[in-house]
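*Asks:* First the structure, then my questions, so here it is.
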Amino acid sequence: MVKDSGIIVVRTIRNTNARYVLVQPFLTDQGLFMMEQLSRTRDLTIILVIDDLWTGLPDYNPVKKTLPQDVEGRLQYAASLSHRIVMTTPELVSRLGIDHPHITHVENALAARAWLKLRRKTRKPGRSRPRVGWAGARQHLGDLRLIAPVIEKTCGQFDWVLMGMC
């Protein structure tokens, strides 16, 4: 049954004649099975996007409890099934130690100089404070708790916009 749903996903992707598919780490048996099937699809480039340190998730992250014990090996295997890998920080590239010929680092944060430009450009008439956004799902609750004191101390300086968990 588990593999059947994976086949449906693979068949759907194949039927679209997609040239690229971006996947986040499929570390379950079903996810790796789907990646195996996708890797056999001709003219399909699999791009693995890694934006978390899967080998060192904090205890507060509920995903940690669902991960198999052999995360590192599964991550390496997922990488071997991928044509390209995108990681969001240089730290991830270094700490995960994935050996792959096509790893790209694409920062998932704005450079400091961009913040200054945004502050000047994004102010609307009548708005005296810049807006700062945060987005997160259930697994980011610990992150939100980490920045909560910053939000509390700066709520008079910034308009905070929270998406997902608040």
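The values are calculated or read from the model by the stated rules, or taken from the named source; none is laboratory data. In this text the structure is predicted, and so the values were computed from the model without any measurement. Quick reminder, even Gly has a Cβ in these numbers, built from the backbone with ideal geometry, and neighbours come from all protein chains shown. Remember, those area values only see protein heavy atoms, side chains included, never the ligands or the DNA or RNA. Shrake-Rupley method; radii C 1.70, N 1.55, O 1.52, S 1.80 Å.
*Asks:* Read through the list (1) closer than 25 Å to ALA18 by Cα; (2) open to solvent by 90 Å² or more (accessible area, probe 1.4 Å), then give the number of the only condition that VAL106 fails.
*Replies:* Going through the list (1) closer than 25 Å to ALA18 by Cα; (2) open to solvent by 90 Å² or more (accessible area, probe 1.4 Å), VAL106 breaks only (2).
*Asks:* Now for a different question. Could you go through region 112-120 and let me know if any residue there is of a type in the set (Lys, Arg) and at pLDDT 90 or above.
*Replies:* no
*Asks:* Looking for something among the acidic types (Asp, Glu) and assigned to a loop (DSSP other than H, G, I, E, B) - is there at least one such residue anywhere in region 87-100?
*Replies:* yes
*Asks:* Within the bounds of region 78-92, is there any residue that is more than 22 Å from ASN108 (Cα to Cα), surrounded by 14 or more Cβ atoms within 10 Å (Cβ to Cβ) and more than 16 Å from the chain's Cα centre (by Cα)?
*Replies:* Yes, that holds for at least one residue.
*Asks:* Counting only residues that are assigned to a helix (DSSP H, G or I), free of Cβ contacts under 8 Å to residues at least 40 places away in the same chain and open to solvent by less than 60 Å² (accessible area, probe 1.4 Å), which one in region 141-166 is farthest from SER128 (Cα to Cα)?
*Replies:* ASP143
*Asks:* When you scan region 139-166, how many residues do you find that are within 29 Å of THR66 (Cβ to Cβ) and of a type in the set (D, E, K, R)?
*Replies:* Going through region 139-166 one residue at a time, the tally reaches 2.
*Asks:* Right, next: What pairs come out if I take residues in region 30-52 that are open to solvent by 30 Å² or more (accessible area, probe 1.4 Å) and in a helix (DSSP H, G or I) and pair them with residues that are modelled with pLDDT of 95 or more and not basic (Lys, Arg) whose C-beta lies under 6 Å away, six or more apart or interchain?
*Replies:* SER39/LEU81
*Asks:* Every residue in region 131-166 that is among the polar types (S, T, N, Q) and farther than 20 Å from VAL63 by Cα, please.
*Replies:* Passing the criteria: THR154, GLN157.
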